[in-house]
1. For segment 98-129, which positions are small (Gly, Ala, Ser) and surrounded by 17 or more Cβ atoms within 10 Å (Cβ to Cβ)?
2. What's the total number of residues in segment 159-194 that are under 27 Å from residue 145 (Cβ atoms), among the aliphatic types (A, V, I, L, M) and surrounded by 13 or more Cβ atoms within 10 Å (Cβ to Cβ)?
3. Report, by residue number, each residue of segment 175-218 that is in a loop (DSSP other than H, G, I, E, B), within 30 Å of residue 160 (Cβ to Cβ) and basic (Lys, Arg).
4. For residues that are among the β-branched types (Val, Ile, Thr) and within 19 Å of the chain's Cα centre (by Cα), scanning just segment 1-23, find the one that is modelled with the highest pLDDT.
5. Of all the residues that make up segment 61-92, how many are on the phi < 0 side of the Ramachandran plot, at pLDDT 70 or above and not aliphatic (A, V, I, L, M)?
6. Would you mind telling me which numbered condition in (1) loosely packed, with under 15 Cβ neighbours inside 10 Å; (2) over 35 Å from the mean Cα position of the chain (by Cα) residue 197 fails?
7. Exactly one condition in (1) modelled with pLDDT under 75; (2) loosely packed, with under 13 Cβ neighbours inside 10 Å is false for residue 36; which is it?
Amino acid sequence: MPAASKDSVTDGAWHTISVSMEEPSALSSRWVIHLDGAVNVTLQGSAGNLDFLKNNAPIVLGENFTGCLGQVKIGGIYLPFTAHLSYPQPEQFQQSSRRTVQLGCTGADVCASSPCLNAGTCQDLFNSFSCACSAGWGGLLCESNIDDCQPNPCVHGNCVDAVADFQCDCFRGYIGKKCDINVDDCVRHQCQNGATCIDRVYGYSCKCLPHFSGPRCE
């Protein structure tokens, strides 16, 4: 019964996969694929148990597979990866293929070409890679400058994007990293005759005492 996982497992980490009968004591049952202990696929239709293996049925392991295999057991019995390897259980599978199994786990050096741009760090995921981007960059290859002006951080000004930073071109009367500080125009006011300075945006006004008037209470 053909089966395939619904999730692609290509992250370079070790995973545990098991295929078992949904009802182990039955003569025929649906089969279930577990990925790292969780149900991944429940196969439609029913199939028998593993008794057919007693009739010298061949087992093909790793066909069309790229990656590394750890221990493989069928019905609790280990599959041998080398011809003269003895396992502790009384029943054993025998290797029939003369093809040499390559021991060890190595993949292509996918980071050798330095595919990650803008000082990104390449992470080898076994025949695939991902890029850990430096600050201010994004994308599969760290090729995109992240727009630090979204959403607009400048309260009273226009935002200019930089790498992992932004600058605000403030409107008149405002200062600060985010143009959120109103300039105190009363610091150098010219209100006269005891008048009170009232700060405005890019300017000020004078509140005159009785009997005085004019823009500066002069």
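The values are calculated or read from the model by the stated rules, or taken from the named source; none is laboratory data. Worth saying up front: this structure is predicted, and the values here are computed from it rather than measured. Here the Cβ positions follow ideal geometry from the backbone for every residue, glycine too, while neighbour counts run over all protein chains shown.
1. Scanning segment 98-129 gives a single hit, 120.
2. 3
3. 177, 178, 188
4. 9
5. 9
6. Tallying (1) loosely packed, with under 15 Cβ neighbours inside 10 Å; (2) over 35 Å from the mean Cα position of the chain (by Cα), residue 197 fails exactly one: (1).
7. Residue 36 satisfies every listed condition except (1).
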